[in-house]
Every structure is written in C-alpha cells, then in structure tokens.
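Novice: Take this structure first; my questions come after.
The values are calculated or read from the model by the stated rules, or taken from the named source; none is laboratory data. Predicted model only: the values in this text are computed from it and were never measured. All Cβ positions, even for glycine, are placed from backbone atoms using ideal geometry, and neighbour counts span all protein chains on display. Heavy atoms of the whole protein, side chains included, go into the accessibility calculation; ligands, DNA and RNA do not. Shrake-Rupley method; radii C 1.70, N 1.55, O 1.52, S 1.80 Å.
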Amino acid sequence: MTASEQAPVLTVDGPGGAGKGTISQLLARKLGWHLLDSGALYRLTALAAMKQAVAFDDETALAGVAGALDVRFEPSPGDEPARVFLNGADATTAIRTEECGDRASRVAALPSVRQALLQRQRDFCQPPGLVADGRDMGTVVFPDASHKVFLTASAEERARRRHEQLLAQGEDVKLADLIEEIQVRDERDVNRSTAPLKPADDARVVDTTGLSIDEVLDQVLAVTGHT
Ligand code: DC
C-alpha cells in the first residue's frame, strides 16, 4: 500500500524562509491533519552529530546518527510551533540556531543521511491526512501525494523574515549576512545531486513575496479543495 492510499498528503516544499513552516502548521490545524516538519529531522541529525562529536565529513557515521535518532514531536497549544525532543530532552530552541541550520544543510546533502530518514518521514502519513513540510516532499518522499504546493519568495524577503525570527529568539545577526547565507544555502540545496530543491512537475508554485499569511493560506487551501 502506498502512502497516498493510507491518507491524503499535502506536500509543502520550497526554500527556507518562504513561509512553509507557518503555513504548514496553520494548514495542519485547519484540516485536522498530522504535520511532518522534515527540516527538523535534518536539524536534529546535525544537533545529535554535534553532541556526539561526529565529524561532518563522515557520511557513514552521520547516516548512523540519522537512523538512530530518538525523536518526539509534541504539539503546542495556540500558535506556538510543536516542541521537539531529542533523547527525551527539549531541543526546540537548539535546532533553530543558525549554526544548526548550516550543519543541517550540510548533512542534508549526503545521500545516505537522506536514505536513513526516508521511511521515518513516510511513517508520518496516517489518517486523517498529513501536511508534509520540506524540500523534497512532493518529489521524493511522497511523489504520489494528492496535493502539492511549492512556496517561494525573493531571497531578500526570506532573509528579512528570518531576521525577525532570529531577533525574536534573541540572536543578533546582520540582515546582509543573512541574505548571503540564504543564497549560499539555496545554492547548496538546489545543486545537490540527491533530492535537489525543485518543484514537483505537478506542484502549484506560489510566490509569497508581499503576500500576507492569510493570502498564502487561501491560495494553498484552494489547491486542496478545502476553501
Ligand atoms: O526547513 P529547514 O530550514 O528547517 O531545513 C533545514 C535544512 O534541511 C535545510 O538546509 C534544507 C534541509 N532539508 C532538506 O534537505 N530536505 C527536507 N525535506 C527538509 C529540509
């Protein structure tokens, strides 16, 4: 039985800062579906590797770390993002730092790490449905998904949104540096050989530059037929 036969899947792919996290969470709430934050799995792999002092050029060891991740997601009340636990300890804030994001982007480029996380991601597909947030949800993890969107926005707008998020969590980073980092990370995500960042052929591309959250939500809900 394929994932799409068990439950409907809405894939939400796109580059960092395009609004996928916020939109996916709101969609999952609105539809009453489960949520997969696949980026968190790459971030947790990076965090676990840092904690275990695994070298970031040791692909086999990193795939081992990814395969053995002891992870739990716990929904939060209200608009708060879900809490993430690694080996029982709260890692919600630790995985959101710039350093962890950068390491995550490196481990995500390794084919054996991606392979090690594949089935774990597919297991999130449970009734009544799943909103899957990531880079390769519609292309690799859930190619048969019933609904697919690809959210994008200009690098400047994505950096500005990220800047606000980081300031809110007390990290002081220069906007110009963020724009540059986002461009480097995009380049790595788009050009990697395994599961590069690109819209699935059957995905609806939504440019969120200048759109409010509600406007994006409306466009994505129209794709699912739940307007
Ligand atoms: O969405 P995010 O910033 O939390 O993702 C962290 C990193 O993981 C980012 O560099 C892209 C990568 N990633 C990926 O390669 N595939 C996914 N499905 C999700 C994230």
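Novice: Kindly indicate whether Gln121 is exposed (fewer than 14 other Cβ atoms within 10 Å of the Cβ) and on the phi < 0 side of the Ramachandran plot.
Specialist: no
Novice: Does Lys198 satisfy the criteria of being within 15 Å of the ligand (Cβ to nearest atom), of a type outside the set (A, V, I, L, M, F, W, C), closer than 30 Å to Gln6 by Cα and in a strand (DSSP E or B)?
Specialist: Working: within 15 Å of the ligand (Cβ to nearest atom): yes; of a type outside the set (A, V, I, L, M, F, W, C): yes; closer than 30 Å to Gln6 by Cα: yes; in a strand (DSSP E or B): no.
Judged against the criteria, Lys198 is not a match.
Novice: Assess whether Ala94 counts as being more than 14 Å from the ligand (Cβ to nearest atom) and farther than 30 Å from Gly225 by Cα.
Specialist: Values: more than 14 Å from the ligand (Cβ to nearest atom): no; farther than 30 Å from Gly225 by Cα: yes.
No; evaluated as a whole, the condition is false for this residue.
Novice: Related question: Within the stretch 169-186, how many residues are of a type in the set (Asp, Glu) and more than 11 Å from the ligand (Cβ to nearest atom)? Step through it out loud before you land on a result.
Specialist: Pass one, the stretch 169-186, residues of a type in the set (Asp, Glu): 171-172, 177, 180-181, 186.
In the following step, the residues that additionally are more than 11 Å from the ligand (Cβ to nearest atom) were identified as 171-172, 177, 180.
Of the residues in the stretch 169-186, 4 are of a type in the set (Asp, Glu) and more than 11 Å from the ligand (Cβ to nearest atom).
Novice: Sticking with this structure for a sec: Any chance you could count how many residues in the stretch 201-227 are of a type in the set (D, E, K, R) and part of a loop (DSSP other than H, G, I, E, B)? Give the derivation first.
Specialist: Initially, the stretch 201-227 is screened for residues of a type in the set (D, E, K, R), giving 201-202, 204, 207, 214-215, 218.
Now restrict to residues that are part of a loop (DSSP other than H, G, I, E, B): 201-202.
Qualifying residue count, the stretch 201-227: 2.
Novice: Please go through the stretch 140-160 and pick out each residue that is within 12 Å of the ligand (Cβ to nearest atom) and open to solvent by 40 Å² or more (accessible area, probe 1.4 Å).
Specialist: Of the residues in the stretch 140-160, the ones within 12 Å of the ligand (Cβ to nearest atom) are 140-142, 151, 158.
Hit for the stretch 140-160 is Val140, nothing else.
Novice: Please enumerate the residues belonging to the stretch 1-52 that are β-branched (Val, Ile, Thr) and open to solvent by 10 Å² or more (accessible area, probe 1.4 Å).
Specialist: Step one: list which residues in the stretch 1-52 are β-branched (Val, Ile, Thr), which gives 2, 9, 11-12, 22-23, 45.
Matches in the stretch 1-52: Thr2, Thr22.
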